[in-house]
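Visitor: The following block contains the structure, expressed as structure tokens.
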Amino acid sequence: RMANLCVVAAHTVNGVAELHSNILKEELFADYLSIWPKKFQNKTNGITPRRWLRFCNPELSEIVTKWLKTDQWASNLDLLTGLRKFADDEKLHAEWAAAKLASKKRLAKHVLDVTGITIDPNSLFDIQIKRIHEYKRQLMNILGAVYRYKKLKEMSAEERQKVTPRTVMVGGKAFATYTNAKRIVKLVNDVGAVVNNDADVNKYLKVVFIPNYNVSVAEVLIPGSELSQHISTAGMEASGTSNMKFSLNGCVIIGTLDGANVEIREEVGQDNFFLFGAKADQIAGLRKERENGLFKPDPRFEGAKQFIRSGAFGTYDYTPLLDSLEGNTGFGRGDYFLVGYDFPSYIEAQARVDEAYKDKKKWIKMSILNTAGSGKFSSDRTIDQYAKEIWGISACPVP
């Protein structure tokens, strides 16, 4: 009853993204909303642009300052919208691409230093870094990489040459006793060990687990990213802030309509975000359908699981992990996080990513528009809203 006590005792209750706040009002605390309709608010999370652009990405920061003709964006992030009018400028495109390549080379050096794996800065850098959890669906990411590897193995040498080369990086920590999370980490490493040493395909795909993920590592990974995966089951991520950091650094997101993804997509433009998956209001119904035995798995999903079961990635027994995706209900079964349902949509979105990346001009424009649309996601705005709308306090300006 702790949440109920908190709602009764607090003078204000807020979620940390629009979607999250709406779930609180419409589902979790609907009865309380009928008693205290003014008690509930939304305060979308934010990030500090001083750390997450100016400090960690000096090359891109200089370009932003040059084109906006001011460095005030670091304390007034809404100024980034000024980049939109230059989104088609070839000079900006050239500078932007050079800055991104510098960050990618720095990231490639970090990966070599900590893992011994050589990655190609000219490949698409696809990154998912966050706490390892089944709802965040790193398992979908690695199943997607397994599917990609399987398809590459089935192609002729000529067909492979038309493929968009990709480096998939996963980082994050698993809680000490969270067995399935640890199995996911092991699977990423096992898949990487096979894929990265397969001479037929390792020019077109590499899979890397980034060890010891922390803020300092994120400061290298985020500027070097081009595609970032924010693929949680809709309705389960309160907000997310790494999605904001990636977008601010000109990274394009592939994601579900969950947490702050919803607002990021609104701000950066639907064409500059790769959307897939079920929506939050569908999830309960889809779980019920699954319980009733109505789920029909996609052959691509079944094929990726079977490839792992075949022992292609070593002798470790992944049966308990894969069993979590099987059956219709029950503890540790029934695919509670709907990986199987969203997998076909995910694979199709990744195919759109591959095509978009081949058009360098289009991709750079998408990157610029992601940075240009990130103004809303400054923690300065969040803190200002808390101060004015909840705490009722005014600023103390530095003399």
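The values are calculated or read from the model by the stated rules, or taken from the named source; none is laboratory data. Bear in mind the structure is a predicted one, so any value in this text is a computation, not a measurement. Don't worry about glycine lacking a Cβ; one is built from the backbone with ideal geometry, like all the others, and counts go over all protein chains shown. Protein only, heavy atoms only, side chains kept; ligands, DNA and RNA dropped before computing areas. Shrake-Rupley method; radii C 1.70, N 1.55, O 1.52, S 1.80 Å.
Visitor: When only residues in the range 155-166 that are of a type in the set (A, V, I, L, M, F, W, C) and more than 27 Å from the chain's Cα centre (by Cα) count, which is surrounded by the most Cβ atoms within 10 Å (Cβ to Cβ)?
Guide: M155
Visitor: Follow-up. In the range 167-212, which residues are of a type in the set (A, V, I, L, M, F, W, C), closer than 16 Å to K153 by Cβ and open to solvent by 10 Å² or more (accessible area, probe 1.4 Å)?
Guide: A193, V194, A199
Visitor: Is it true that some residue in the range 17-25 is more than 30 Å from L107 (Cβ to Cβ), in contact (Cβ under 8 Å) with a residue 40 or more places away in the chain and of a type in the set (D, E)?
Guide: Of the range 17-25, the ones more than 30 Å from L107 (Cβ to Cβ) are 18-25.
Narrowing the set further to residues that are in contact (Cβ under 8 Å) with a residue 40 or more places away in the chain leaves 18-20, 23.
From what is left, the residues that are of a type in the set (D, E) are 18.
Looking for residues that are more than 30 Å from L107 (Cβ to Cβ), in contact (Cβ under 8 Å) with a residue 40 or more places away in the chain and of a type in the set (D, E), one finds at least one in the range 17-25, hence yes.
Visitor: Ok, one more. Out of all the residues in the range 145-159, is one or more outside any helix (DSSP H, G or I) and either in contact (Cβ under 8 Å) with a residue 40 or more places away in the chain or closer than 18 Å to A349 by Cβ (or both)?
Guide: No, every residue in the range 145-159 fails to be outside any helix (DSSP H, G or I) and either in contact (Cβ under 8 Å) with a residue 40 or more places away in the chain or closer than 18 Å to A349 by Cβ (or both).
Visitor: Quick one: in the range 296-319, of everything that is more than 15 Å from R148 (Cα to Cα) and β-branched (V, I, T), which residue is surrounded by the fewest Cβ atoms within 10 Å (Cβ to Cβ)?
Guide: It comes out as T315.
Visitor: Please go through (1) outside the structural domain of F246 (by the TED database); (2) open to solvent by 80 Å² or more (accessible area, probe 1.4 Å) for R106 and return the number of the only condition it doesn't satisfy.
Guide: Of everything listed in (1) outside the structural domain of F246 (by the TED database); (2) open to solvent by 80 Å² or more (accessible area, probe 1.4 Å), R106 misses just condition (1).
Visitor: Do any residues in the range 360-371 that are assigned by the TED database to the domain that holds K85 and without any contact (Cβ under 8 Å) to a residue 60 or more places away in the chain have Cβ atoms under 8 Å from those of residues that are part of a helix (DSSP H, G or I) and open to solvent by less than 10 Å² (accessible area, probe 1.4 Å), where the two are at least six apart or on different chains, and which pairs are they?
Guide: K362/A356
Visitor: Would you mind finding the one in L19, L33 that is part of a helix (DSSP H, G or I) and open to solvent by less than 40 Å² (accessible area, probe 1.4 Å)?
Guide: Only one candidate passes the filter, namely L19.
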